[in-house]
Amino acid sequence: MKVGIPRALLYYWYGPAWKAFLSAAGLEPVVSPPTNKAIMTAGLKAAVDEICLPVKVFIGHCLELQKNCDAILVPRLTSVARKEYTCPKFMGLPDMVRRLLPRTPVLIWESAGSFLPQRLWTPPGPGLLSEEESPDPAGQAGTAGGITNGNAREIIPGITRGRGRMKKALAAAGKAHAIYTGLLRRGYLPEEAMAIADGLRGRPAGLRQKTKSPATGQDLPDTGARVGAHGEAKQDLIGLYGQGVKPDRVGVQRHGTKPGRVIGLVGHPYCLYDSFVNTGILRFLQEEGCRLLTPEMLPEEKINAALKGLPKAIYWTMGRLALGASRLFRAYAREQAGVDGLIHVAAFACGPEALIGELIKRECSREIPYLQIYLDEHTGEAGLHTRLEAFLDLAGGKERAGCV
Amino acid sequence: MATGYYLGVDVGSVSTNLVVIDENGYIMKKIYLRTEGKPILSVQKGLDQLGRDFKDHEILGAGVTGSGRKLIGKVIGADLVKNEITAHGVAALHVHPGVKTVFESGGQDSKIIIIREGTVVDFAMNTVCAAGTGSFLDQQAKRLNLSLEEFGELALRAQVPVRIAGRCSVFAESDMIHKQQMGYKLEDIVAGLCEALMRNYFNNVGKGKEILPPVLFQGGVAANKGIKAAFEKELGYEITIPEHYEVMGAWGAALLARKAGKKKGFRGFSLSDREIRVESFECPDCPNCCEIVTVVIDGEAIPGWGGRCGKWEKGVSRATG
Amino acid sequence: MRLTFPRMGQIDIPVKTLFTELGHEVVAPPPVTKRTFDLGVKYAPEFACLPFKMTLANYIEAIEKGAEAVVTFGGAGPCRFGYFAQVQRRILHDLGYDFELFLLDPPGAETRELLRGLRFLFRENLKAPGRIWQAFRLAWAKAVFLDRANQLYRRLLPRVAQKKAAEMEYRKFLRVMAAERDLSRLELVYTALAHNLENLARLETGRVLRVKIVGEIYMILESGVNFDTENILGQMGVEVIRSVSMTHWVEANLLKALFPGHRRRTGLLSTPHLTSFVGGHGRETIAETVDAGINRVDGVVQILPFTCMPELVAQSILPDLSRRFNLPVLSLVLDEHSGAAGVMTRLEAFVDLLREKREKDMAKAGVGGEARNPTGSG
């Protein structure tokens, strides 16, 4: 049985965990292809006009997956950390999506407090809002409580809590997540980290050991990019690239080849890592010889330490990471420790980013070369790259003066 | 020659249209004028032209619609002031009783009206900027040195329409210039623009609406064959452009005035010779700071409007306040 | 220290009363005007929602009038409202405005801040809990009567002939209510209004069209930003109903534990269309629309600020409810670029649509419209 995983939104955080979970549960995970024009257009057509682009893209991926999947995994990640939230739209995601999928049931991965599911269930999807159902809405609402877990059992045999299979699947998800985040922390971008994790599934011992000991050191150099660039893990990676991943497309190779600028990037993972949505900002920067640091590469303790003294804790996980990472990058820039510029990538009309972006701008723009990019479906490559080039000139001024 | 007629006026941001219909609803005369930011003047011009033919006839009722309906309604003494969505729906139903969907694209905004069994059941208006509407097309046609007819004809000749970003008119224009500089053929660019406007229409105005044939396409933009072709390409069937597509709003207003019955509040065609002034000011009497508008015809003030408390509607003049 | 607070509809009346009774000097922000819009748009981030922009401008205007401290509510997410104050404080400090911020977070969020805020508010009366109690009672009673009067006004406005007179009566009531300090006289003030409104000449209307307003609370209650939608509908002869109100907000958000009924109602009505809390009033919007469908209200108007996250989730789902209950729904997405003309046109067309639909439904049902077709919901 094929269960689709949309390559959108928090896939860039939890994709490997979802895949591992479904595999261990005896299902066949199918990840949608990287965002392309057709997917985006389908999403734009189906979604409410005022909603942000990433959600439209997510809907596009679901519509793509329904063509050849028996069910689609739709996460409802209310929160992935204590006392925090992801985004209101993520909480309504399953309800927004399932009404657009008349034939394919959605499997809701519902979690609060941690990314692991507290509940996996399927609402009575197809036919929910069709003519056949009982015309008495009050009765409908009354029985709704009984939906829980009902159909989920049909999709994943034996998936109820406590049973052996569920336990096994959850453990697999946890393990895959640990390996993946370990790789991210070592400075790999999601695309690379997923390739490595996939390639290593057969030989877990080698890498798992390394991921268990995240690189240490003083301040910035420990944060992965540089250590990762020279570390042994990179050798594994190069081996893996023999299996079809083009090295040029993934810029890590360039780490260490020439001393380029180091650019800190902050933003929600689906803005940073969906190269179709952001018109390939990361690749462009790498081709310009930049080394990239993203919030996922920084140790979370440091991010939290950087946020000490905030009068009220930020209750959006991604917003907290963005502001914390920005403050760290600012500190590194202050100490001449090697961050040359800060780019904030956000989706047009993103709710939390409107507020957090304002704080980042006010806190950082005077101390570090800073660029804010808003993405929507009309973002043009040409205009964006012009701005990035100009920004790099700004961020590299110091270094160039030194070279001459 | 004692038959009575009804007058309909549609005061839009770009064009001002007037029609006179007979008691059966047929259009006797229609006038299409540019508003050019002076609604009163253009209505006066239109009344002047109509007056030549109809000054000896009785106008049994006058209806006004369009974004300037409130002001013009006061000025001409209309019996009925109606929003343009309803007016367009009424006119569409009059020409085509079985119509299910109406596209309307005018100067500053575009609308979709969904009709089932002869009743308007749903509608939407554009919520983003003017990139999808008539004034933007006008502007671009002017920039390319084309008349609107040439513009439409040219679009039909395109083979590979260029993709143009369409949400914001400023960006769409710079994108077009960019594509021109890259050497794309003019017809492909023009067709690309038509498709961008069409996409914009379906993604914004038409989103989530059940679009069923028969579809009527009305409003000034309907004259553009390129846009019509782009709509048809997307929908996969033909859409109809009514004969009087450019004055449907005014026609609707006239039909509604006819339905409302004889009232005769109309001040007459001679209005075109009188001096009409509009004054607006912020009322200083309370913290609401309402913007009050008053109209003065030949020195005689008509009660103002715009206030929340109602005293201006009673005809308090500014001098005493 | 002179206090100010954010404005939302008539909330300034009970809040001002509360603070005054607690012994503080209060500078209420002026009502929303063009200048409020200009200030908010100028200094707030572009994609912040209208409530953020307007409350920011409220503070600026109040500080200009001499306020030295801002008391506001917070929240624990995920709606942006809970983080408004933090960003607004930063913006205002960067602009050089000097003031102190007291944030009343609901219990469970920032308890330290809440205690600091309460200590400040009660500092004149720490030894006299009786006075604190009196102040709260008076403010709450005002809020209750204001909501009740508002409801009465909404019901009667479409039915009376002299709408302007009704409006004047209502405004007079608001003025008296704002000034009244005697708890026992509040009821008299209310009955006077009720009496005066009931005595106005009525129109021969038959069954009046009923429209329910749902959506984001600030946009619904603040007539300065929603182009006075309720009043416009009332003048057009439409009865406006809504469940969102000042007292409802306090009960459902600040006193959640004491009033669990609101949450249960929302949960029951919104399932299975929206199966999770989504912050703000997103789930309430769905629940109340379902309620409107069940109770055969003629139409629903959803009012939301541009970029409002919870309401966008609701807006995505509303078309299904509209189809299911055969219930026309109009979503008004408002921001500083919205024009009164556009809103007016949409509302007028919507009311035309409802009128025509009802005539048709009545014709279908047969006689006079009294008999309703119970299987007509399809």
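The values are calculated or read from the model by the stated rules, or taken from the named source; none is laboratory data. Please read these numbers as outputs of a predicted model, since none were measured by experiment. Positions of Cβ are generated from backbone atoms using ideal geometry, with glycine treated the same way; all protein chains shown enter the neighbour counts.
Points worth noting:
- Hey, residue A:82 at pLDDT below 90 and more than 20 Å from residue A:114 (Cβ to Cβ) or not: no
- Residue that is modelled with the highest pLDDT [pool: residues in the range A:1-44 that are among the basic types (Lys, Arg) and closer than 18 Å to residue A:275 by Cα]: A:7
- Residue count, the range C:1-23 (criterion: outside any loop (DSSP other than H, G, I, E, B) and over 24 Å from residue B:285 (Cβ atoms)): 10
- Residue in the range C:318-340 that is out of contact with any strand residue (DSSP E or B) (no Cβ under 9 Å at 6 or more places or on another chain), touching a residue at least 40 places away in the same chain (Cβ under 8 Å) and either not assigned by TED's automatic domain parsing to the domain that holds residue C:221 or not in a helix (DSSP H, G or I) (or both) present: yes
- Scanning the range C:277-297 for residues that are free of Cβ contacts under 8 Å to residues at least 24 places away in the same chain and buried (at least 23 other Cβ atoms within 10 Å of the Cβ) turns up just one, C:287.
- Any hit, the range B:110-117, residues being farther than 25 Å from residue B:200 by Cβ and part of a strand (DSSP E or B): yes
- Those helices (runs of 4 or more DSSP H) of the range A:264-366 in which 2 or more residues are free of Cβ contacts under 8 Å to residues at least 24 places away in the same chain and over 17 Å from residue A:87 (Cβ atoms) occupy A:300-306, A:351-364.
- Note on the range B:135-145: among residues that are closer than 9 Å to residue B:190 by Cβ and touching a residue at least 40 places away in the same chain (Cβ under 8 Å), the one that is surrounded by the most Cβ atoms within 10 Å (Cβ to Cβ) is B:140.
- Residue count for the range A:287-325, restricted to those that are surrounded by 23 or more Cβ atoms within 10 Å (Cβ to Cβ) and more than 14 Å from chain C (Cβ to nearest Cβ): 11
- The single condition from (1) under 18 Å from the mean Cα position of the chain (by Cα); (2) in contact (Cβ under 8 Å) with a residue 24 or more places away in the chain; (3) within 22 Å of residue C:333 (Cβ to Cβ) that residue C:254 fails is (3).
- Of C:340, C:287, all but one fail to be more than 27 Å from residue B:117 (Cβ to Cβ) and either among the basic types (Lys, Arg) or within 11 Å of chain A (Cβ to nearest Cβ) (or both); the exception is C:287.
- The range B:108-128, subset in contact with an Asp or Glu (Cβ under 7 Å, 6 or more places away or on another chain), at pLDDT 85 or above and at the interface with another protein chain (Cβ under 7 Å from one of its Cβ atoms), residue surrounded by the fewest Cβ atoms within 10 Å (Cβ to Cβ): B:119
- Within the range C:336-360, tally of residues that are under 23 Å from residue C:36 (Cβ atoms) and surrounded by fewer than 20 Cβ atoms within 10 Å (Cβ to Cβ): 9
- Residue C:124 being surrounded by fewer than 18 Cβ atoms within 10 Å (Cβ to Cβ) and of a type in the set (Asp, Glu): yes
- You will find that of A:346, A:331, the residue that is surrounded by 22 or more Cβ atoms within 10 Å (Cβ to Cβ) and either within 19 Å of residue C:87 (Cα to Cα) or more than 9 Å from every other protein chain (Cβ to nearest Cβ) (or both) is A:346 and no other.
- Close pairs (8 angstrom Cβ cut-off, 6 or more residues apart or separate chains): of a type in the set (Lys, Arg) in the range C:66-86, crowded, with 20+ Cβ neighbours inside 10 Å anywhere: C:80/A:351; C:80/A:352; C:80/A:354; C:80/A:355; C:80/C:48; C:80/C:49; C:80/C:52; C:80/C:309
- A single entry from C:92, C:101 fulfils the requirement of being within 14 Å of chain A (Cβ to nearest Cβ), touching a Ser or Thr at 6+ places or on another chain (Cβ under 9 Å) and touching a residue at least 12 places away in the same chain (Cβ under 8 Å): C:101.
- 3 or more residues of a type in the set (Gly, Ala, Ser): qualifying strands (runs of 3 or more DSSP E) within the range B:15-96: B:58-65
- Of the candidates C:293, C:234, C:279, C:261, the single residue that is more than 26 Å from residue A:56 (Cβ to Cβ) and within 14 Å of chain A (Cβ to nearest Cβ) is C:293.
- Among the residues of the range C:306-316, those that are buried (at least 24 other Cβ atoms within 10 Å of the Cβ), within 7 Å of chain A (Cβ to nearest Cβ) and of a type outside the set (Gly, Ala, Ser) comprise C:307, C:309, C:310, C:312, C:313, C:315.
- Test result for residue C:143, closer than 22 Å to residue C:106 by Cβ, crowded, with 17+ Cβ neighbours inside 10 Å and of a type outside the set (Asp, Glu): yes
- Among the residues listed as B:184, B:201, the single one being of a type outside the set (Asp, Glu), in contact (Cβ under 8 Å) with a residue 12 or more places away in the chain and not in a helix (DSSP H, G or I): B:184
- Checking the range C:112-122 against the condition returns a match, with at least one residue being over 26 Å from residue A:88 (Cβ atoms), touching a residue at least 40 places away in the same chain (Cβ under 8 Å) and touching a helix residue (DSSP H, G or I) at 6+ places or on another chain (Cβ under 9 Å).
- From the options C:106, C:51, residue that is in contact (Cβ under 8 Å) with a residue 12 or more places away in the chain, more than 9 Å from every other protein chain (Cβ to nearest Cβ) and buried (at least 19 other Cβ atoms within 10 Å of the Cβ): C:51
- Looking only at the range A:43-79, residues that are without any contact (Cβ under 8 Å) to a residue 60 or more places away in the chain, among the small types (Gly, Ala, Ser) and either within 12 Å of another protein chain (Cβ to nearest Cβ) or within 18 Å of residue A:353 (Cα to Cα) (or both) come to 3 in all.
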